[in-house]
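Participant: Right, I'll just put the structure down here and ask away after.
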Amino acid sequence: MTDSYIIKGGKPLKGEVILSGAKNVALKTIIAALMFKGNVILKNIPKINDVLDLIELIKSLGATARFMEKNTLIINGDSLKNNKVELQYGSKIRVSFMLIAPLLNRFGECFVPNPGGCRIGARPIDRIIKGLVALGVKINYDTETGYYHAKIVNKPKGNYRFEKPSHTGTELLMMIGLMTDEKVEIENIANEPEIDDLILYLNSSGANILEESNKIIVNKCPELRQKETFTIMSDRNELVTYATLAVASGGDVTISPINKNLISSFLKIMKIAGAGVEEISNYKYRFFYQGKIKPVNIETSPHPGFMTDWQPSWAILMLKANGPSVIHERVFENRFSYVNELKKFGANIDFVDVKVNDPDSYYHFNHDKNRAYQQTIKIVGSSELHNAVLNIGDLRAGAALACGALLANGESVVNGASILERGYEDFVGKVKKLGGEIKKV
Ligand code: EPU
């Protein structure tokens, strides 16, 4: 057996978690670093599989990158020499298509494969391609090779309005905007705080990016050069994983550092569910079991709503709730790979049909009226969970399955540890520190 966790569950988890840096900022700051002149030093970069794969990828393009200290990464893109992302690297990690920005910046032309990554839906990039074209990038897709060929003839300029927002789409078009000689405007943007952190990083290095309500304006910037090291924000998704696990296990866990604004919708719902939430300071929170957990229905939505990345962890908490609850997923169309797996623990969880009046506007993916979707699940809490053998389908589902095993009585096997470790740094070490019995085999 390889790539599995053996987990003995049933114990309340207690102690402290120090959060790692946010995966969804780390990846973008590394890619954007290739547009800078000179060295770029990034602190709080999590050593997770997605980051390690991206480092291998940028090295294959000629950049240099190495960890100076535990989580401090130094990158230099001056030596970029290839304008083609090889499939063996690109297919491993979805954000590889964002390399279009630094490669166009350096070479004016590049070849990037259709993105891989987590299987949480079809994940088309149609909106992003339209945006690139609107800003003046010429782009063609070769169905035989699976490659995009992008080219810049004139400097990007103009504006683009997303029909529906896209998180990485907003970031990629913003990076393309950095090449403008005039101005680029992007409207109906995603408002995730990870994007704000990326803007902070770019502006602290010479960019001139303004964020207005629902709009980003990228002004001409002569060059990007780091003036001081940049520390990326904490991972709010990691906080939610450990906070729900703490309460569901009947435990008591303190988590830091985190800015309250990043998790306010989560804190609100935790309190409604009757979880113990104590603000120890404005960057440190305690989550603890304080009696029966109440069932709370949620629907996912972009920031400032209840994030899609949090719903698998919410399902884990609701397994311990005192009654039935419903989760409605609005952002991705395949984010419930954990449902059939959790049933193996004896969990009372299943898909339900819920009629939506205007699915085109309600869902954030491109809804096809001729297709059948399973976007809603019902969980009836309070059932005793027993041990099982489970398979991880995607990153956040993986965390839910490992946490489910920590709640279940007996010894479980969770296969696919490397998928979970795409996004969670030292999962085994952090769980052990809370008293959880877990080992990787
Ligand atoms: N979409 C399209 N066409 C596009 C772009 C998006 O149909 O051109 C659809 C997507 O398929 C999805 C919805 O629009 O159904 C929203 O997608 P978005 O582009 O906003 O998501 P993303 O950029 O691919 C990022 C994070 C996700 C996170 C979402 C929502 C990264 C690398 N990924 O994905 O994180 O769930 O935003 O905030 O930043 C994770 O960390 O596990 C993860 C999946």
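The values are calculated or read from the model by the stated rules, or taken from the named source; none is laboratory data. Given the structure is predicted, the values throughout are model-derived calculations rather than measurements. Every residue, glycine among them, receives a Cβ derived from its backbone with ideal geometry; neighbour counts consider all protein chains shown. The protein model used for the area step is the full one, side chains on, heavy atoms only, and it has no ligands, DNA or RNA in it. Shrake-Rupley method; radii C 1.70, N 1.55, O 1.52, S 1.80 Å.
Participant: Is it the case that some residue within region 352-360 is buried (at least 19 other Cβ atoms within 10 Å of the Cβ), more than 18 Å from Glu192 (Cα to Cα) and within 14 Å of the ligand (Cβ to nearest atom)?
Facilitator: No, region 352-360 contains no residue that is buried (at least 19 other Cβ atoms within 10 Å of the Cβ), more than 18 Å from Glu192 (Cα to Cα) and within 14 Å of the ligand (Cβ to nearest atom).
Participant: Give all pairs with beta carbons closer than 7 Å in which a residue from region 189-200 that is assigned by TED's automatic domain parsing to the domain that holds Leu178 meets a residue that is open to solvent by 10 Å² or more (accessible area, probe 1.4 Å) and among the basic types (Lys, Arg); count only pairs at least 6 apart in sequence or on separate chains.
Facilitator: Filtered contacts from region 189-200: Ile189/Lys215.
Participant: Where in region 320-420 are the helices (runs of 4 or more DSSP H), entirely inside, with at least 3 residues that are touching a helix residue (DSSP H, G or I) at 6+ places or on another chain (Cβ under 9 Å)?
Facilitator: Result: 339-343, 395-407, 417-420.
Participant: Looking at Val247, Val218, which is the one that is part of a strand (DSSP E or B), aliphatic (A, V, I, L, M), touching a helix residue (DSSP H, G or I) at 6+ places or on another chain (Cβ under 9 Å) and crowded, with 23+ Cβ neighbours inside 10 Å?
Facilitator: The unique qualifying residue is Val218.
Participant: Can I ask one more? Residues of region 172-213 being within 16 Å of the ligand (Cβ to nearest atom), more than 24 Å from Ser234 (Cα to Cα) and assigned to a loop (DSSP other than H, G, I, E, B), which ones?
Facilitator: Once the filter is applied, which keeps residues that are within 16 Å of the ligand (Cβ to nearest atom), more than 24 Å from Ser234 (Cα to Cα) and assigned to a loop (DSSP other than H, G, I, E, B), region 172-213 yields only Asn188.
Participant: Quick one: would you say Thr229 is more than 30 Å from Glu384 (Cβ to Cβ) and open to solvent by 10 Å² or more (accessible area, probe 1.4 Å)?
Facilitator: Against the criterion (more than 30 Å from Glu384 (Cβ to Cβ) and open to solvent by 10 Å² or more (accessible area, probe 1.4 Å)), Thr229 qualifies.
Participant: On to the next question. Exactly one condition in (1) more than 26 Å from Val331 (Cβ to Cβ); (2) in contact (Cβ under 8 Å) with a residue 40 or more places away in the chain; (3) not assigned by TED's automatic domain parsing to the domain that holds Pro102 is false for Ile280; which is it?
Facilitator: All conditions are met except number (2).
Participant: Additional query: Residues that are closer than 26 Å to Lys440 by Cβ and basic (Lys, Arg): list the strands (runs of 3 or more DSSP E) wholly contained in region 8-71 that include at least 1 such residues.
Facilitator: Counting at least 1 such residues, we get 14-18, 64-69.
Participant: Separate question: If you check Lys130 against the conditions, is it within 13 Å of the ligand (Cβ to nearest atom) and either without any contact (Cβ under 8 Å) to a residue 40 or more places away in the chain or open to solvent by 10 Å² or more (accessible area, probe 1.4 Å) (or both)?
Facilitator: Taking the combined requirement at face value, the residue satisfies it.
Participant: Do we have any residue at all in region 384-395 that's surrounded by fewer than 19 Cβ atoms within 10 Å (Cβ to Cβ), under 23 Å from Arg330 (Cα atoms) and away from the ligand (no atom under 16 Å from the Cβ)?
Facilitator: Scanning region 384-395, I find no residue that is surrounded by fewer than 19 Cβ atoms within 10 Å (Cβ to Cβ), under 23 Å from Arg330 (Cα atoms) and away from the ligand (no atom under 16 Å from the Cβ), so the answer is no.
Participant: Could I ask something else about it? Confirm whether Pro124 is at pLDDT 95 or above, within 14 Å of the ligand (Cβ to nearest atom) and surrounded by fewer than 19 Cβ atoms within 10 Å (Cβ to Cβ).
Facilitator: No; evaluated as a whole, the condition is false for this residue.
Participant: Given the criterion in a loop (DSSP other than H, G, I, E, B) and within 12 Å of the ligand (Cβ to nearest atom), identify the matching residue among Pro156, Pro115.
Facilitator: Pro115
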